[in-house]
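Q: Structure below; questions to follow.
Each value in this text was obtained by applying a stated rule to the coordinates, not by laboratory testing. On a predicted model such as this, the values are computed, not experimentally measured, just so you know. Neighbour counts are summed over all protein chains in view; Cβ atoms, including those assigned to glycine, are modelled from backbone coordinates with ideal geometry.
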Amino acid sequence: MHEFLDNYKTPHPILKKHFLIFFMLLFFSILIYINSAKAQETKNTYPKIANYYLHHFISDKTAEELSMWDVIILDPENQINNPEQLQKIKQLNPNIIILAYIQIQELSFDENNHSLTKLREYIKNNIDESWYLKDKLGNKLSFWPGATIINITYYDKWINFLPNFIKTKILSTNLWDGIFFDNLSTNISWFNGGNIDIDNNGSIDPAITIDSLWKKNIKTILTKNSANNSLIIGNSASDLDVAHYLNGRMFETFPTPWEGDGKWEDSMNLYLKKFPEKNIDPKIYIINSNTNNSGNLTDYKKMRFGLTSTLLGDGYFSFDYGDKNHGQTWYYDEYKTYLGEPISNAHNLLDPNNSTIKPGLWRRDFENGIVIVNSSNKKQRHVFKYEIFEKIRGQQDKITNNGNKINYIDIEPGDGIVLLKIIKEIYDSAYKNNSFTKIFNFSGIEVRNPIFHIKNNYKINSIIINSDIDNDKKRETIVSKNGLLEIYKFGQKKHEFHPYNTNFKLDINLAIGDVSGDGMNEIITGAGLGGGPHIRIFDYQGNLISQFFAYEKTFRGGVSVAIGDVNGDGMNEIITGAIQKGNSEIKIFNKDLQQIKNFFAYPKNNNKKIYVSVNDVDKDDIEEILISTTDF
Amino acid sequence: MRVFTKQFKILGRSKKLILITDAIFIILFAFSLSYLTNYHIKKLQIKPIIINAINQISNINKSDAETIIKEKIETECSKIKLNSYAMYYNTFGDQIGIGPIPPIIGIPTNYWIFFEIESANNNLQNIILYTHLGKNVNITKNKNITSGNFTINQNKQITWAIQNIERNQIIKLVFEVSFVPDENNIGQIASIIENTKIVADDEICKKQISAFGENLDTDLKYDIYAKNQGMIEK
């Protein structure tokens with residue numbers, strides 16, 4: 001070491017330069033490591049949902065349910081009571097963010113019921129009575145029943161204890177992605193009418209003294225926690241002065257009553273503008289709406305208002321019972337929609353050129369839909385001039401979410417709505433031009449409003465599919481005409497072949513996809529109306545691979561085919577529709593060509609000609625089954 | 001004919017008169033019925049009556065009588081069946097229209113219009129359907145035409161021209177219209193399609209035939225899910 005220092009004191013110029021470069025590289029490497037470790041990826045598709053779940057115990061069922069959320073705040077007692085559930089949640093949803101609930105300036109401990117609160121018991125046993133905040137008479141103070149306020153200014157005790165506790169007892173388990181500080185307030189003089197004895201000398205201290213010390217120590221706690229390289233979210237963290245320590249905050253009981261005048265625009269201003277300017281990345285905001293402790297989980301209007309307000313920004317939405325019981329797994333129809341990424345900022349339809357956050361009719365656009373929220377005090381009607389949207393097909397509020405296509409909307413004050421863009425085009429699945437298409441899931445339930453396929457630049461009733469059949473990442477066009485399949489690439493005919501014999505002149509229905517799971521696409525054909533139910537599978541050059549009969553061999557109503565993963569098992573299935581059998585029967589076959597499911601697209605004894613295709617219309621990575629007819 | 005004349009001459013005057021009157025009555029009755037019933041009923045019911053009547057009168061050859069009837073019936077002109085309806089939901093309750101029902105002023109409501117043409121008994125040629133869009137109604141780009149040529153002029157008259165329709169063949173025209181009511185429509189049921197007429201050349205009778213179609217309005221009488229909601233609201 002001495003030699004090193006001696007050399008450095010009388011340095012060789014080149015050697016000194018090398019050391020300098022080395023230490024600079026080391027410094028920046030450490031910096032990059034710190035930032036990358038903390039820069040946890042957050043979901044960028046919407047809606048984003050959070051669950052504020054504070055029970056001390058999680059069952060198997062609850063763990064499965066909680067895994068459906070994007071951010072969850074859990075009581076850290078769960079790391080002792082059932083750590084396997086936290087691991088299970090992570091396994092089910094590796095991208096979920098799990099935050100440990102910590103009271104930054106309180107301790108809740110029930111002597112009579114401490115078997116599930118070992119961490120709290122540890123804290124209680126390791127702090128002194130003198131650490132609690134008292135009034136001038138020495139009475140301990142409490143914001144909340146069962147929770148005693150800690151005097152965070154008392155001799156630096158708590159500001160050393162708490163960060164160390166978090167680091168060694170919570171984060172060291174590697175079960176948590178960060179900390180959620182409840183009641184993160186930088187002042188305390190407002191409490192108890194100002195009757196606070198901050199230095200335990202039996203007299204009330206001036207508010208300015210109390211709050212100055214309080215804020216200083218809050219900052220110290222946050223600074224020390226920042227060194228842990230984990231996420232930090234605060235609740236009630238209204239002070240922008242500490243925002244740069246935090247990744248974000250929660251707005252509890254939205255619109256949060258203690259923000260400004262408790263109005264919508266007060267919370268939204270902080271959420272959309274003020275805090276994003278100060279908080280550090282990745283930013284995580286949680287809008288917590290609740291039933292005000294009524295338990296009315298069917299207050300869909302309230303839920304929608306909170307959700308759609310959240311969707312005006314990039315935060316996570318939470319809806320639960322209320323501040324007396326955060327701990328439900330209520331899951332709503334809107335949560336299942338896939339809006340995709342945002343493509344606009346929020347704007348006020350009533351005052352489009354004014355970005356001031358104020359009561360109005362607000363809209364934000366996403367890849368697959370829009371949200372509209374009415375924060376004014378009267379009912380609003382908005383007409384979509386050149387747009388058509390589709391309401392969600394909900395199972396809960398079926399009046400609001402009736403699945404209808406609309407070109408206008410009426411919204412009550414304090415309500416909002418999620419609307420989907422209508423489906424305009426289908427790729428990688430054949431369709432009949434000028435057809436009317438219904439959309440089903442694997443269970444045969446209609447999931448979207450039917451659509452029209454009307455392409456005026458193609459012949460009526462032609463069968464067309466645009467798909468990459470040779471795996472070169474460019475789509476070919478396959479046209480079925482008079483028993484012949486023609487394959488075009490960049491407008492040039494590349495191949496043609498007869499899937500059935502050369503005398504077969506009827507329509508051929510087709511699909512493109514990887515049936516066998518070997519990574520190569522195949523061409524699947526079905527004979528058109530008048531033909532038998534013979535399904536054949538070819539490679540992209542027209543060589544026959546396999547074949548089977550989807551319906552009785554004597555059936556001559558023709559069969560339509562599609563291929564896709566309609567049950568989410570990671571393998572493609574073949575879907576067939578009897579074109580004209582009188583019952584619109586749909587069958588689903590696995591890669592071994594065995595039937596695994598069937599259902600009927602229309603009531604039995606109908607004479608509709610139907611055609612099947614598939615498409616993942618709701619972007620949940622599971623294909624829906626589309627049933628088209630030209631007879632609508 | 002000679003036998004008939006000979007036997008007729010033998011009859012007394014009064015009997016001749018009675019027979020002639022009977023024959024004329026029967027024939028007149030038969031042909032007047034042909035204007036009230038369709039062609040097939042005429043074939044089935046009148047033909048044997050006529051044959052029987054003529055046989056009674058004259059005992060002429062039965063097959064000759066049949067030939068006379070057949071030639072007469074087969075030169076009758078066809079009937080055109082024209083069904084037209086406006087829909088917001090299809091017969092299964094699927095939403096095919098867009099916009100408010102009942103319609104609201106200033107907001108478009110889109111309906112689908114269906115025309116179905118069928119020739120009752122003969123092949124038809126040069127079929128042309130004319131119809132007009134109602135006030136505040138315009139056509140959109142969505143249509144489904146199984147055959148023929150579809151045009152619309154600046155007076156909102158639609159013309160659908162089809163070269164030929166075979167006997168018992170049904171062809172369809174389906175298109176979407178958009179209706180935007182104004183203040184003058186409040187409280188009323190508005191017309192969507194009016195003055196529909198179809199003309200065609202009958203291949204057999206060599207005449208032009210025609211038929212009129214029903215006017216369609218916002219009350220959608222054929223739409224079981226949306227009917228009786230046609231009165232425009234503010």
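Q: Give me the dipole magnitude in Debye, nearest 20, for the protein assembly as shown about the Cα centre, with unit charges on the beta carbon: positive for Lys and Arg, negative for Asp and Glu.
A: Values: 96 positive and 98 negative charges, 901 e Å.
Using Cβ point charges on Lys, Arg, Asp and Glu, the protein assembly as shown gives about 4320 debye.
Q: OK, next. Mind pulling the angle between the C-alpha long axis of helix A:13-38 and the longest principal axis of chain A? Nearest 10 degrees, somewhere in 0 to 90.
A: Its long axis makes an angle of about 70 degrees.
Q: Okay, moving on. For chain A, take the longest principal axis of its alpha carbons; what is the angle in degrees between that and the long axis of helix A:300-310, to the nearest 10 within 0 to 90?
A: The two axes meet at around 80 degrees.
Q: Within region A:171-208, whose backbone N sits under 20 Å from a point 7 Å along Cα→Cβ of A:Lys136?
A: A:188-208
Q: Rounded to the nearest 20 Debye, what is the dipole magnitude of region A:556-613 about its Cα centre when Lys and Arg each give +1 and Asp and Glu each give -1 at the C-beta? Could you put the intermediate results ahead of the total?
A: On the way: 8 positive and 5 negative charges, 87 e Å.
Once rounded to the nearest 20, the dipole reads 420 debye.
Q: 7 Å from Cα along Cα→Cβ at both A:Asn590 and A:Ser203: what's the point-to-point distance in nm?
A: Distance between label points: 8.3 nm.
Q: Running Debye on region A:110-196 with equal point scatterers at the Cα sites and no solvent, what base-10 log of I(q)/I(0) appears at q = 0.26 Å⁻¹?
A: -1.53
Q: Work out, step by step, the length gained on full extension between A:Phe548 and A:Asp410: first 0.36 nm times the residue separation, then minus their alpha carbon distance; give nm to one decimal.
A: 44.4 nm
Q: Report, by chain and number, residues whose modeled amide H sits under 5 Å from the one on A:Asp565, excluding near sequence neighbours (fewer than 5 apart, same chain).
A: Result for A:Asp565 returns A:Glu573, A:Glu623.
Q: Debye calculation, C-alpha points only, no solvent: report log10 I(q)/I(0) for region A:160-285 at q = 0.13 Å⁻¹, in the same order as the q values.
A: Result of the Debye calculation: -0.60.
Q: Got the relative contact order for chain A handy, in percent, Cα pairs under 8 Å and 6 or more residues apart? Can you show the working numbers first?
A: Working: 1403 pairs, mean separation 48.2, N = 632.
Here the relative contact order equals 8 percent.
Q: If I model a spin label as a point 7 Å beyond the Cα along the Cα-Cβ vector, how far apart are those points for A:Lys43 and B:Ile139 in nm?
A: The two pseudo-label positions are separated by 4.8 nm.
Q: Still on this structure, I have one more. Between rounded, prolate and oblate, where does region A:475-608 land on the alpha carbon gyration tensor, with a ≥ b ≥ c its root eigenvalues, rounded for a/c under 1.5, else prolate if a/b exceeds b/c?
A: Note, shape of region A:475-608 comes out oblate.
Q: So, one more: Per residue and in Å³, how big is the convex hull formed by the alpha-carbon atoms of the protein assembly as shown?
A: Per residue, the Cα convex hull of the protein assembly as shown comes to 282 Å³.
Q: Averaged across B:89-95, how many Cβ atoms of other chains sit within 10 Å of each residue's Cβ atom?
A: On the way: counts 0, 5, 3, 9, 0, 8, 8.
Whole-number average of other-chain Cβ neighbours for B:89-95 is 5.
Q: What is the angle, in °, between the Cα long axis of helix A:207-226 and the longest principal axis of the Cα atoms in chain A? Nearest 10 is fine, range 0 to 90.
A: Approximately 50 degrees, to the nearest 10.
Q: So, one more: How big is region A:465-549 along each principal axis, measuring the range of its Cα positions in Å and listing the largest first?
A: Result, largest extent first: 35, 29, 17 Å.
Q: Quick check on region A:518-581: take the gyration tensor over C-alpha atoms, sort the square-rooted eigenvalues as a ≥ b ≥ c, and tell me if it's rounded (a/c under 1.5), prolate or oblate.
A: oblate
Q: Continuing with the same structure: Would you calculate the separation in nanometres between label points at A:Asn195 and A:Thr477, each defined as 7 Å from the Cα along the Cα-to-beta-carbon direction?
A: Taking the simple label geometry, A:Asn195 and A:Thr477 are separated by 8.4 nm.
Q: Given R₀ = 41 Å, what would the calculated FRET efficiency be for A:Asp323 paired with A:Asp569, taking r from the Cβ atoms and rounding to 0.05?
A: 0.45
Q: Which percentage, to the nearest 5, of the DSSP beta bridges contained in the protein assembly as shown is antiparallel?
A: 80
Q: Using Cα pairs under 8 angstrom and six or more residues apart, how large is the relative contact order of region A:90-245, in percent?
A: Worked out over region A:90-245, it gives 28 percent.
Q: For region B:126-234, what is Rg from Cα atoms divided by 2.2 N^0.38 Å, rounded to two decimals?
A: Scaled against compact globular proteins, the figure is 1.22.
Q: Given R₀ = 35 Å, FRET efficiency for A:Ile399-A:Asp620 by Cβ-Cβ distance, to 0.05?
A: 0.90
Q: So if I take the centroid of the Cα atoms in region B:95-126 and the same for region A:267-339, what is the distance between those two points in Å?
A: Spelled out, the Cα-based centre of one part sits 45 Å from the other.
Q: Any idea which of A:Phe589, A:Asn509, A:Gly528 is furthest toward the positive side of the dipole for region A:476-626, if Lys and Arg beta-carbons carry +1 and Asp and Glu beta-carbons -1?
A: After comparing all options, I get A:Gly528.
Q: If you don't mind, another one. Using a simple charge model, +1 on the beta-carbon of Lys and Arg, -1 on the beta-carbon of Asp and Glu, nothing else, what dipole does region A:414-551 show about its Cα centre, in debye to the nearest 20?
A: It comes to approximately 540 debye.
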